[in-house]
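Before any comments, here is the structure.
The values are calculated or read from the model by the stated rules, or taken from the named source; none is laboratory data. Remember, it's a predicted structure, so these values are computed and weren't measured experimentally. A quick note on method: Cβ atoms are made from the backbone with ideal geometry, for glycine too, and the neighbour counts reach across all protein chains shown. Please note that ligands, DNA and RNA were not included when accessible areas were found on the heavy atoms of the full protein model with its side chains. Shrake-Rupley method; radii C 1.70, N 1.55, O 1.52, S 1.80 Å.
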Amino acid sequence: MNSIRAYFNEVFEASVAGWNRFWFEPADPATLAVIRICTGAMLLYTHLIWGLDLLGFFGADGRLPEMFSRAMNNSEFAWSPLFGMTSPTLLWTFHVTALACFACLMIGAWTRITAWASFLFAVAYANRAAGALFGLDQINVFLALYLAVGPAGDAYSWDRRRQRGAGRCPSIGANIALRLIQCHMCIVYLFAGLGKLLGPTWWEGTALWGAFANLEYQTLDMTWVCSHPMPVNFVTHLILVWEISYIALIWPRLTRPIMLALAIPLHLGIAICMGMITFGLIMLVGNFAFVPSWCVRQWLGERDVAGPT
Amino acid sequence: MIRKPNPISSPAAASGWTPARRKLVSALLLWHLLAVLSAPWHAPPPASYLSEQVNKIFAPYQAATFLDHGYRFFAPDPGPSHLVRYELTRDDGTLVQGQLPDPAANRPRLLYHRFFMITETMYNIWMRIEEPPAEAQLTAAQRQAIDESNAATRDLLHQVADGIAQQIMRYETTSRVRLQLVEHLIPLPEQVRAGRPLDDPELYRVLADLGEFEMGTP
């Protein structure tokens, strides 16, 4: 009986210690800062595109009537100040403010404020534009949330330049933000992979053909693969195995570079062949949370950066 | 004698966060991660009764933070596309036929995807319209429930179709437009090998006539 109790005590203590190590050890904010720059740029671009036909999408007689968006959200908690905002002047003022906020996030200006504001703006647009959204918007919003949680302006930012002389400042906040992005990416890939297990074409190895031969997605004609079923089968199975195993193999030091290396052709393939450039890139930005900060600093030419320990 | 480290205080003690602060943040992290996990666990179907009940706890938080997603990208299978075809007569008498999304008109690509997602959403709504089984198999209450659900679904589809129609009419300077929901099937590899183009007219089939819409009358 004592040995059983001792075992569970040990499990508990090891779990708590592991939890604390995972979440509450300070981390260099360099990786988070790069994610901030890329996410800020993506948010800015995404919303600039809404601006090409702002009234056509969000106006009083737009393509997405308010009642329709509310019904699609199916929750009274899906808030947005854009609901009921029918005045074009007000809409444009809101939009320009949002764009300015995303630009500030990208360059790291008043980051503690602009990161939260960017998250709120991104949610406001997403809830109002229900029906016209896809994976890009989902990733945009959760990255914005985690950038708000952590000190995303602590490196490579205008804020940092204003505080000249301050050195690197590892923080628990930076670690928590990175860990949240990492965990969220694992959940995204796990369910993307598990969802595919319900589809016959992923088992038959022909799903890749379904993507390549879809004219509405196609930006690069890859239909020549119709004569090469074996490579199509192989890549289809590889994508499935990669997505399902991501949650396990992205953490160990030895397998992480392989998983990250595989993410690049997968998401660039989606970007180039299927015209989903923004989605492909934002998924790579999410994957960047697994790149150690010493790599970032070395790539950016900083001296005196210690390698892996 | 080797002293066991105190797991509550030691690993992160150097960080300067008090145990109470770590416990509070840990609780918030757990809540958030469970909410993130619960969303794709319960949707889209199939989903267990347990997952649906658990998700009810997190649903308000997920909705407020836009975290209620299934993440089933290209799942279960990459399927056919869905388009909206329109036909109208301009005020000068010219007949115009077009479709959404239109890669030539909807540029840049992200704008094209916005239109594409709207037409895919319309298809997903249309799919919810239930074909009732034979009269004898249904009670009056069941038939009424199906009818009410179908009426609400058709109304939702009509709202977005009208939104699209109003924008087309504004752009094309006309007061009347007819819309159709169209499916574009994917040919088999052997068909493409034999020379069938991806835009073979036989690969397109009309799923639903969405009706004729007039300017300003939803």
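Rundown of residues vs (1) facing chain A (nearest Cβ under 9 Å); (2) hydrophobic (A, V, I, L, M, F, W, C); (3) part of a loop (DSSP other than H, G, I, E, B), yes/no style:
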| site | (1), (2), (3) |
| --- | --- |
| B:His69 | yes, no, yes |
| B:Arg72 | yes, no, yes |
| B:Asp77 | yes, no, yes |
| B:Leu88 | no, yes, no |
| B:Arg114 | yes, no, no |
| B:Ile129 | no, yes, yes |
| B:Asp147 | no, no, no |
(1) exposed (fewer than 15 other Cβ atoms within 10 Å of the Cβ); (2) more than 26 Å from B:His32 (Cα to Cα) all hold for B:Pro80 apart from (1)
I need the full set of residues from the range B:149-180 which are assigned to a helix (DSSP H, G or I), among the aliphatic types (A, V, I, L, M) and in contact (Cβ under 8 Å) with a residue 24 or more places away in the chain, in order please. B:Leu156, B:Leu157, B:Val160, B:Ala161, B:Ile164, B:Ala165, B:Ile168, B:Met169
Inside the range B:83-108, the number of residues satisfying the requirement of being crowded, with 17+ Cβ neighbours inside 10 Å and farther than 22 Å from B:Leu198 by Cα is 1
Taking only pairs six or more apart or across chains, which ones have beta-carbon atoms under 6 Å, a first residue in the range A:244-265 that is farther than 17 Å from A:Ile181 by Cα, and a second residue that is assigned to a helix (DSSP H, G or I)? A:Ile244/A:Gly193; A:Thr255/A:Leu249; A:Leu262/A:Trp242
Of the residues that make up the range B:192-205, is at least one open to solvent by 30 Å² or more (accessible area, probe 1.4 Å), under 22 Å from the mean Cα position of the chain (by Cα), within 25 Å of B:Tyr86 (Cβ to Cβ) and more than 11 Å from chain A (Cβ to nearest Cβ)? yes
Residue count, the range A:60-111, condition under 30 Å from A:Leu32 (Cα atoms) and in contact with an Asp or Glu (Cβ under 6 Å, 6 or more places away or on another chain), comes to 2
Among the residues of the range A:119-128, what is the count of those that are touching a residue at least 60 places away in the same chain (Cβ under 8 Å), open to solvent by less than 10 Å² (accessible area, probe 1.4 Å) and more than 8 Å from every other protein chain (Cβ to nearest Cβ)? 2
Give the residue, chosen from A:Gly84, A:Gly40, A:Gly62, that is open to solvent by less than 60 Å² (accessible area, probe 1.4 Å), modelled with pLDDT under 95, under 29 Å from B:Phe58 (Cα atoms) and out of contact with any Pro (no Cβ under 9 Å at 6 or more places or on another chain). A:Gly84
So A:Leu143 passes all but one of these: (1) open to solvent by 10 Å² or more (accessible area, probe 1.4 Å); (2) within 19 Å of A:Ile113 (Cβ to Cβ); (3) more than 9 Å from chain B (Cβ to nearest Cβ). Which condition number does it fail? (1)
(1) touching a Phe, Trp or Tyr at 6+ places or on another chain (Cβ under 7 Å); (2) more than 14 Å from every other protein chain (Cβ to nearest Cβ); (3) assigned to a loop (DSSP other than H, G, I, E, B): which one isn't true of A:Leu64, the others all being true? (2)
Could you list, in sequence order, all residues of the range A:272-284 that are closer than 17 Å to A:His184 by Cα and out of contact with any Leu (no Cβ under 7 Å at 6 or more places or on another chain)? A:Leu281, A:Met283, A:Leu284
So for the range A:229-251 (the condition being open to solvent by 70 Å² or more (accessible area, probe 1.4 Å) and closer than 26 Å to A:Val34 by Cα), does at least one residue qualify? yes
Matching residues, the range A:95-118, being buried (at least 19 other Cβ atoms within 10 Å of the Cβ), not in a loop (DSSP other than H, G, I, E, B) and not β-branched (Val, Ile, Thr): A:His95, A:Ala98, A:Cys101, A:Phe102, A:Cys104, A:Leu105, A:Met106, A:Ala115, A:Ala117, A:Ser118
Test result for B:Arg205, at pLDDT 95 or above, touching a strand residue (DSSP E or B) at 6+ places or on another chain (Cβ under 6 Å) and among the charged types (D, E, K, R): yes
Assess whether A:Gly301 counts as being touching a residue at least 12 places away in the same chain (Cβ under 8 Å), part of a loop (DSSP other than H, G, I, E, B) and on the phi > 0 side of the Ramachandran plot. no
